Amino acid sequence: MLAEQIRNSLEKLELEKVAAGDYGRTGYHVEVAAKPEQITAIAQVMLEHQCFLESLTALDLIESFEVVYHFACFRELCRTVVHVPLIKGKTAPTISSVYPAADWFEREVFDLFGIVFAGHPNLKRLILPEDADFHPLLKDFVASS
Amino acid sequence: MEKKTGEPLIHFGVLDEVLDLCRANSLWPLTFGLACCAIEMMAAGAARFDLDRFGAGVFRPSPRQSDVMIVAGTISRKMAPAIVRLYDQMAAPKWVIAMGNCAISGGPFYYEGQYAIVPGADLIIPVDVYVPGCPPRPEGLIEGILQLEEKITHRGRLRKFR
Amino acid sequence: MMLEPGIEEKTFYLNLGPQHPSTHGVLRILLEMDGEFIANSEPVIGYGHRAHEKMAELRTYQQYLPNLGRVDYLHALAYNHGYCLAVERLAGIEVPERAEFIRVITSELNRIASHLLWFGAYLLDLGAFTPFLYCFDDRENVVDILDRVTGSRLTYCYFRFGGVRDDIDDEFIAGCRAFITRLRSRWQDYDDLVTKNVIFINRTRDVGIITPEQALKYGVTGPCLRGSGIPYDIRRSEPYSVYPLFDFEIPIGERGDIMDRYVVRLCEMEQSLRIIEQALDKLPNGPIMAEKVPKRLKPAEGEVYAAVESGRGEFGTYIVSKGDTKPYRIKLRVPSFSNLSIISELIKDTLVADMVAILGSFDLVIPEVDR
């Protein structure tokens, strides 16, 4: 039910992909792929449907990044995943103005991957010491003792 | 950097032996949990295991009031300076127990390429007793404290009150 | 900075932690104080960072199992469960029914141990020492039961892909039943000692209120959310394992203050006892491991997200596989992280003493926040 409503609302935004997910295999009801500049609008739609931000993370795909957002709902079982491919060196817009929860998640991703979220009010390292000069979850990261 | 030590500044000759006996039987640990081992440290202080039987049950939240620091858990690089400062703030004579594999050597979290932890408390502060386990059982911690008492009094456990 | 006579500085900074008895580990909060009131605050986390997510990329699926017991050591079996669930979904492994029952029983026992520890430690924060001894007395009984079957007291690594490591025996079942009777006889003591204590009520009623809107925006889950009156429990909302077979309630609060969170946790322990009781009654015979689980697990390319209800809220495992024996990326969605992010908003303009009460009511596990 909710999955259908979310799909209908998201289709109006002309995203790259809005599809029903295979819940039994992946745990998703709605799968979405979008461009970085569309994510704020998507977050707004998700908030209107009373969904909360479950997690926000990133993948290092060697040539590019992918930012992954998970949304779920308190009222009904419906998980939405949003994949946002990002060229290395480019910034993604922040959604912390819509979801305050994203504040820390984005700082964590910045800390571990070095992805800059444009418009974030307080983008500094969250987990590593402030004077650290590396981003450990990059695939080419090698620790020096 | 000068080498850290937990030795007292002033010694009193023969009186020291008496003082050591007193110190050994009323060790006040610092309330200081880093990770999983802290829960076992709490369990050791609680109802069943009751560290108070050995005089070591008075956990103090302030380093100024405590004699023994139980490093219970993984030391992250971000935390390491704070641990050194806490150690410096403790009044001599002071002792350190490294509880659990993480505090001994990095334990399960040490591997080639680990960027986040300090593999071993003895790299930053002098350690007197090592208690292995992941996490050690409360009995293990009690044994560690008894070993420390032996070290302080320079006597075997059974002949302490000779 | 020297203050000139006649010039008053309005606010000052207070550094709480990373070593502080009320932060349950190594959390640090920078407080900007206006007298006794908190004008602004900034939590600083990362003092317990152990690089769990980087380790996942360097280990095979099986080798990563022991890590899960150490992310949230208080409810380790839920983390075992969440990770196994995700990998089983990814690799298409079916779990036999008896194993699912054992998983539920042990995981619920672990939840009780986790809540009992919170109960004791939280009242220690508020200055009451006796309940700490009471609850550890009870907790040792659970730990003994779990120790018998899992082999460790705290950081369990008991679940395997496709089942569990060891079968439970009659002595385990008898121990569970004895424990259920024992804990039920204790509720009255807990109520008399704590719940009806006027000091406790005054410190917790209408303090640290989380509204449902705030919970939605910050992604708060677990007892903190249910205290605000939203009946969201993964065991019911997104059923996994054999939870749909059991009859249990989701306790919720009304106002969303600390007292409600406290009552929710106490009621949850009783519900866990009910689940264990029913599971012991219905326990089927059969194998405890799925057949033909490959030693070298090599799931097909793809990604999966699986969530379970841990003692602190929703624990989600997000695995991306590239068809290798090692996962390409594992993201652990931990409840304490989202729950803690609301703290700055909650403790604004409260007293320092209330801040300690609010912080403790979240049931934080700091190495879980930092991973």
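To the nearest 0.05, how large is the calculated FRET efficiency for C:Arg177 and A:Ala118 if R₀ is 41 Å and r is the Cβ-Cβ distance? Don't skip to the end; give the middle numbers.
On the way: r = 59 Å, r/R0 = 1.44.
The value I calculate is 0.10.
Residues with amide H under 5 Å of C:Gln63's amide H, sequence separation 5 or more or different chain, H placed in the peptide plane at 1.01 Å from N; which?
Close amide H contacts, sequence-distant or interchain: none at all.
Between A:His83 and A:Glu66, what is 0.36 nm times their sequence separation minus the Cα-Cα distance? Round to one decimal in nm.
Length difference between fully extended and current span is 5.5 nm.
For helix B:80-89, report the angle its Cα long axis makes with the longest principal axis of the Cα atoms of chain B; keep it between 0 and 90° and round to the nearest 10°.
Helix B:80-89 sits roughly 20 degrees off the main axis of chain B.
Taking the convex hull of the alpha carbon atoms in segment C:97-202, what volume per residue do you get, in Å³?
107
Could you pull out every residue, at least 5 positions away or on a different chain, whose amide H is within less than 5 Å of the one on C:Arg329? Hs are placed 1.01 Å off N in the peptide plane, and Pro or chain starts have none.
Hits under the 5 Å cutoff: C:Val320.
Averaged across the residues of A:65-78, what count of C-beta atoms belonging to other chains lies within 10 Å of each residue's C-beta?
On the way: counts 0, 2, 0, 6, 0, 7, 1, 10, 3, 11, 4, 1, 5, 1.
Whole-number average of other-chain Cβ neighbours for A:65-78 is 4.
Projected onto the charge dipole of segment C:33-160 (+1 at Lys/Arg Cβ, -1 at Asp/Glu Cβ, origin at the Cα centre), which of C:Gly69, C:Val149, C:Leu58 gives the Cα projection farthest towards the positive end?
Value: C:Leu58.
From the phi angles alone, apply the Karplus equation (6.51, -1.76, 1.60; θ = phi - 60°) to segment C:204-211 and give each ³J(HN,Hα) in whole Hz, x where the residue is Gly or Pro.
For segment C:204-211, the Karplus curve yields 10, 5, 6, 10, x, 7, 9, 7 Hz.
Would you list which aspartates and glutamates come within 14 Å of C:Lys326, measuring only between C-alpha atoms, while excluding same-chain residues fewer than 8 positions from it?
C:Glu53, C:Glu57, C:Glu301, C:Glu303
I need the phi-derived Karplus couplings for segment C:33-48: 6.51 cos²θ - 1.76 cosθ + 1.60, θ = phi - 60°, integer Hz, Gly and Pro marked x.
Using θ = phi - 60°, the values come out as 9, 10, x, 8, 9, 8, 7, 8, 8, 9, x, 10, 10, x, 6, x Hz.
Could you tell me how far the Cα centroid of segment B:1-78 sits from the Cα centroid of segment A:75-145, in Å?
40
According to the Cα gyration tensor, what semi-axes, each the square root of 5 times an eigenvalue, does the equivalent ellipsoid of the protein assembly as shown have, listed from largest to smallest in whole Å?
Listed largest to smallest, the semi-axes of the protein assembly as shown are 39, 30, 26 Å.
So for the pair B:Glu139, B:Asn25, with labels modelled 7 Å out along Cα→Cβ, what separation do we get in nm?
Result: 2.6 nm between the two label points.
Quick one: among C:Met33, C:Met289, C:Met355, which has the greatest mean-square fluctuation in a GNM of chain C with alpha-carbon springs under 10 angstrom?
Maximum among the listed residues: C:Met33.
Using just the helices of chain C, give the 222 nm mean residue ellipticity in deg cm²/dmol: DSSP H runs with n ≥ 4 each add -39,500 (n - 2.57), and the total is spread over all residues, rounded to 500.
Helices in chain C give a 222 nm mean residue ellipticity of -14500 deg cm²/dmol.
Which of the aspartates and glutamates could a cross-linker bridge to A:Lys35, judged by Cα under 12 Å and excluding same-chain residues fewer than eight apart?
Leaving aside aspartates and glutamates fewer than 8 places away in the same chain, those within reach of A:Lys35 are A:Glu14, A:Glu16, A:Glu66.
So if I average 1/r over every pair of distinct C-alpha atoms in segment A:1-144 and take the inverse, what Kirkwood radius in Å does that give?
Kirkwood radius, segment A:1-144: 15.8 Å.
Enumerate the helices in chain C for which the Kyte-Doolittle hydropathy averages -0.5 or more and the C-alpha atoms extend at least 20 Å along the helix's axis, using complete DSSP H runs.
C:76-91, C:97-125, C:130-150, C:258-282
Which pairs break 21 Å Cα to Cα here: A:Lys88/A:Lys124; C:Lys54/C:Lys298; A:Lys12/C:Lys322; C:Lys54/C:Lys331; C:Lys217/C:Lys322?
A:Lys12/C:Lys322; C:Lys217/C:Lys322
Only four residue types carry charge here, +1 at the Cβ of Lys and Arg and -1 at the Cβ of Asp and Glu. Report the dipole size of the protein assembly as shown about the Cα centre in Debye, rounded to the nearest 20.
1340
With +1 assigned to the C-beta of every Lys and Arg and -1 to the C-beta of every Asp and Glu, and no other charges, what is the dipole magnitude of segment A:68-145 about the Cα centre in debye, to the nearest 20? Show your work: numbers first, answer last.
Numbers: 8 positive and 9 negative charges, 60 e Å.
It works out to roughly 280 debye.
Roughly how many nanometres apart are two label points built 7 Å out from the Cα toward the Cβ at B:Ile10 and C:Glu270?
Rounded to a tenth, the inter-label distance reads 6.1 nm.
Less than 17 Å apart at the alpha-carbon level, and either on another chain or at least 8 residues along: which aspartates and glutamates does that give for C:Lys196?
Partners found: C:Asp206, C:Asp257, C:Asp260.
Can you give the charge dipole size of chain C about its Cα centre, rounded to the nearest 20 debye, using +1 on the beta carbon of Lys and Arg and -1 on the beta carbon of Asp and Glu? All intermediate terms of the calculation are to be shown ahead of the outcome.
Details: 43 positive and 54 negative charges, 282 e Å.
For chain C, the charge dipole is close to 1360 debye.
Per-residue mean of other chain beta-carbon atoms within 10 angstrom of the beta-carbon, peptide B:42-53?
4
Mind ranking B:11-20, C:79-88, A:12-21 by how tightly packed they are, going by the mean number of other C-beta atoms within 10 angstrom, highest first?
Highest-to-lowest ranking by the protection proxy: C:79-88, A:12-21, B:11-20.
Take every residue in peptide B:103-112, count the Cβ atoms of other chains within 10 Å of its Cβ, and give the average of those counts.
Details: counts 0, 0, 0, 1, 2, 7, 6, 0, 6, 4.
So the per-residue partner count for this stretch is 3.
Name the residue farthest towards the positive end of the dipole of the protein assembly as shown from the options B:Ile39, A:Tyr99, C:Thr130, assuming +1 on Cβ of Lys and Arg, -1 on Cβ of Asp and Glu, about the Cα centre.
B:Ile39
All of the numbers you see were taken from the coordinates with simple rules; none came from a lab. No experiment lies behind these values; they were computed from the predicted model shown. Quick reminder, even Gly has a Cβ in these numbers, built from the backbone with ideal geometry, and neighbours come from all protein chains shown.
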